[in-house]
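Written out below as structure tokens is the structure these notes cover.
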Amino acid sequence: MRTARWKILQKYLGWWLPAMLVGLAVTLHWYRLPVDLFFGFEQGRDAMASMAIVKSGDFVLVGPKTDIGGLFHGAWYYYLMAIPYGLSGGNPLVASFSLVFLTAFVPVVMWFLGRELTGSTKWATVGAFLSIISYEALHYSRWLSNVTPAFLGVPVVMWCWWQFRKTKQEWWWIVGAGVAGLTAQFEIILTLWFGWIAVVLLATQWLPKPSARAWLGSLAAAGFWYVPMLLFNLRNDWISWHSTLAYLNEANHQTGASSLSRSVVGYGQQLLRLTHRNLLGAADWRWWATLVVMVSGVIMAWRHKKSQPAILFCLAWWLMTAPVMLFPRSLSLPQLYIGTGLSVIWLWVLAIQAWWRPMWGKVVAMAAVALLVSTWWPLWQNYSQNRDVFFRTIQDDLNLADQRRLLAYVHQDAAGQPYRLQAFSIPYFQDQGWRYLHSYWYPQDTSDGAQIIYVVIEKAVEPFWIKKWTEELGPTQLLSTQIFGLLTVEKRTVLPSAE
């Protein structure tokens, strides 16, 4: 009777659980985002590019810049975001919600993948829920960035590869290659990561060998997304190729035996940090206890032959960023590891599933779950107070609520008179975020020749530069100063010339 009821429940959940996972993810990830949304210069730059596509029909060939001069992410992010920006007239909150909604399908993909990895709807549901509240999910879903769509693309690629292994149907390989090509447009380094893990899985015969026809189909499916970038390089003397080679050549000169050993250590530290952040919200003894339980549970699970393919797959997924060790300067960039933390969730679930099998092991499994739950409160505190957000770096003064209050004050204080808005921002000379927000909410306010200047000063701008840039405005007199959160705005009037 109990088995029959569980089968009925499984059938019911098969229809409704994915919808509930999406609803829960949207609700949790949208929480306070209209207040806490980070809108800096990159967000302003991307919004301007997307709106140019909508208003002027600009056909762009490359997307946001990378840390390597001359190398860009794909242009598809601009075209993707042109949809919400265009439909809303440029509203940044609508654009942000579109990414929250898009990444809300990550737990759905994780649920379907988890049923294959664990052979259980129950354990798949546990993994899917953890993918909603993990550090990566909580922050990537709220980041208005070209990187964010890749958070969904990575598990979709993994799902396609698992289906290719399971069914031997080569169209799964082709679809996986197409999704990988698209996903890499949002974070271009994924081109290397996907290539590396595909080689590993094929070389170890975890994946069946595709036919020549399937290879051609996969190259066409993946290559389609690179066409705009290819056209850009044809027009610009292959600048991305030459820039990448120069970067690699410089990295090779810096990579000796000692440097490589430091890279290995640094990479190990990044993997531990990745593992910690995707499981626990506290870095104390509970983390080390959880790590011991997880490692020992994975070893126990390995004894069951049915679990071995899943463990190998998750370990390869976890290590898909291993080539980053060749680029020591890039080791600490969190976005390079996007999506890999989801593998940690499945390693933990497989470990707890193994502990759950013997009666005595259930005590260990329940203790491990209790440790995990005990860290949710500090995780929630950080989340609700917008702390420990990796992509804000030193710009912890920026949030949309304070930006809107500041701009509303400027608009009201000007009382219909023309004025100039100047932002002293981080990074220096990069005020696209302020310019976009001001042009969206108050497009008719400013005038280049206005005598009144409102100067926005971000917290991290050094006093030396504040003084220098203020002097570059010409002779001015400070009329008033207002503070909004950690942001300062000065009202200045231009003084008559001494001539």
| What tally of residues in the stretch 97-142 results from selecting those that are in a loop (DSSP other than H, G, I, E, B), within 24 Å of His73 (Cα to Cα) and modelled with pLDDT under 95? | 2
| said: For the structure I just gave you, tell me whether Arg492 is closer than 14 Å to Phe38 by Cβ and not hydroxyl-bearing (Ser, Thr, Tyr). | reply: no
| field | Residue in the stretch 39-59 that is farthest from the chain's Cα centre (by Cα), counting only those that are surrounded by fewer than 19 Cβ atoms within 10 Å (Cβ to Cβ) and not in a helix (DSSP H, G or I) | value | Gly57
| Flag if Ile188 is outside any loop (DSSP other than H, G, I, E, B) and either under 25 Å from Val106 (Cβ atoms) or in contact (Cβ under 8 Å) with a residue 40 or more places away in the chain (or both) | no
| message | If the requirement is being out of contact with any helix residue (DSSP H, G or I) (no Cβ under 8 Å at 6 or more places or on another chain), closer than 22 Å to Met300 by Cβ and assigned to a helix (DSSP H, G or I), which of these qualifies: Val363, Val369? | response | Val363
| query | Which pairs do you get when a residue that is over 8 Å from Thr488 (Cα atoms), found in the stretch 453-467, comes within reach of a residue that is modelled with pLDDT under 95 and part of a loop (DSSP other than H, G, I, E, B), reach meaning Cβ atoms under 6 angstrom, with the pair 6+ apart or on two chains? | reply | Ala460/Ile394; Ala460/Ile426
| field | Positions within the stretch 287-309 being of a type in the set (Phe, Trp, Tyr) and surrounded by 14 or more Cβ atoms within 10 Å (Cβ to Cβ), in sequence order | value | Trp287, Trp302
| Checking Ser332 against (1) under 30 Å from Leu479 (Cα atoms); (2) among the polar types (S, T, N, Q); (3) at pLDDT below 90, which single condition isn't satisfied? | (1)
| message | Please go through the stretch 457-482 and give me each residue that is over 23 Å from Gln395 (Cβ atoms) and of a type in the set (Asp, Glu), ordered by number. | response | Glu471
| request: Go through the residues of the stretch 4-18 one by one and say whether even a single one is touching a Phe, Trp or Tyr at 6+ places or on another chain (Cβ under 8 Å), surrounded by 16 or more Cβ atoms within 10 Å (Cβ to Cβ) and either within 26 Å of Ala222 (Cα to Cα) or modelled with pLDDT under 95 (or both). | output: yes
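Tell me, which residue of the stretch 388-419 that is among the polar types (S, T, N, Q) and free of Cβ contacts under 8 Å to residues at least 40 places away in the same chain is nearest to Asp448 (Cα to Cα)? Write out each step before concluding.
Here is the first cut: in the stretch 388-419, the ones among the polar types (S, T, N, Q) are 393, 395, 399, 403, 412, 417.
Still in the list and also free of Cβ contacts under 8 Å to residues at least 40 places away in the same chain: 393, 412, 417.
On the way: Thr393: 32, Gln412: 19, Gln417: 13 Å.
The selected residue is Gln417.
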| request: Would you confirm whether any residue within the stretch 80-88 is in contact (Cβ under 8 Å) with a residue 60 or more places away in the chain and either under 19 Å from the mean Cα position of the chain (by Cα) or closer than 24 Å to His29 by Cβ (or both)? | output: yes
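Might you check whether a residue that is within 28 Å of Pro328 (Cα to Cα) and either modelled with pLDDT of 95 or more or surrounded by fewer than 22 Cβ atoms within 10 Å (Cβ to Cβ) (or both) occurs anywhere in the stretch 161-172?
First, pick out the residues of the stretch 161-172 that are within 28 Å of Pro328 (Cα to Cα): none.
No, the conditions are met nowhere in the stretch 161-172.
Let's see how each residue does on (1) under 21 Å from Arg273 (Cβ atoms); (2) surrounded by fewer than 18 Cβ atoms within 10 Å (Cβ to Cβ); (3) in the same structural domain as Leu37 (by TED's automatic domain parsing):
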| site | (1), (2), (3) |
| --- | --- |
| Gly339 | yes, no, yes |
| Trp346 | yes, no, yes |
| Ile352 | no, no, yes |
| Trp355 | no, no, yes |
| Lys362 | no, yes, yes |
| Ala368 | yes, no, yes |
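May I ask you to say which residue of Leu312, Leu280 is of a type in the set (A, V, I, L, M, F, W, C), surrounded by 20 or more Cβ atoms within 10 Å (Cβ to Cβ) and touching a residue at least 60 places away in the same chain (Cβ under 8 Å)? Let's see the steps before the verdict.
Details: Leu312 fails: surrounded by 20 or more Cβ atoms within 10 Å (Cβ to Cβ).
Of Leu312, Leu280, the one residue that is of a type in the set (A, V, I, L, M, F, W, C), surrounded by 20 or more Cβ atoms within 10 Å (Cβ to Cβ) and touching a residue at least 60 places away in the same chain (Cβ under 8 Å) is Leu280.
Which ones in the stretch 329-342 are in contact (Cβ under 8 Å) with a residue 60 or more places away in the chain, assigned to a helix (DSSP H, G or I) and in contact with a helix residue (DSSP H, G or I) (Cβ under 7 Å, 6 or more places away or on another chain)?
Taking the stretch 329-342 as the starting set, the residues that turn out to be in contact (Cβ under 8 Å) with a residue 60 or more places away in the chain are 329-333, 335-342.
Checking the rest, the ones that are also assigned to a helix (DSSP H, G or I) come to 329-330, 335-337, 341-342.
Matches in the stretch 329-342: Ser330, Leu336, Tyr337, Gly341, Leu342.
The values are calculated or read from the model by the stated rules, or taken from the named source; none is laboratory data. All of these numbers come straight from a predicted model, not from anything done at the bench. Please note: Cβ atoms are built from the backbone with ideal geometry, for glycine as well, and neighbour counts cover all protein chains shown.
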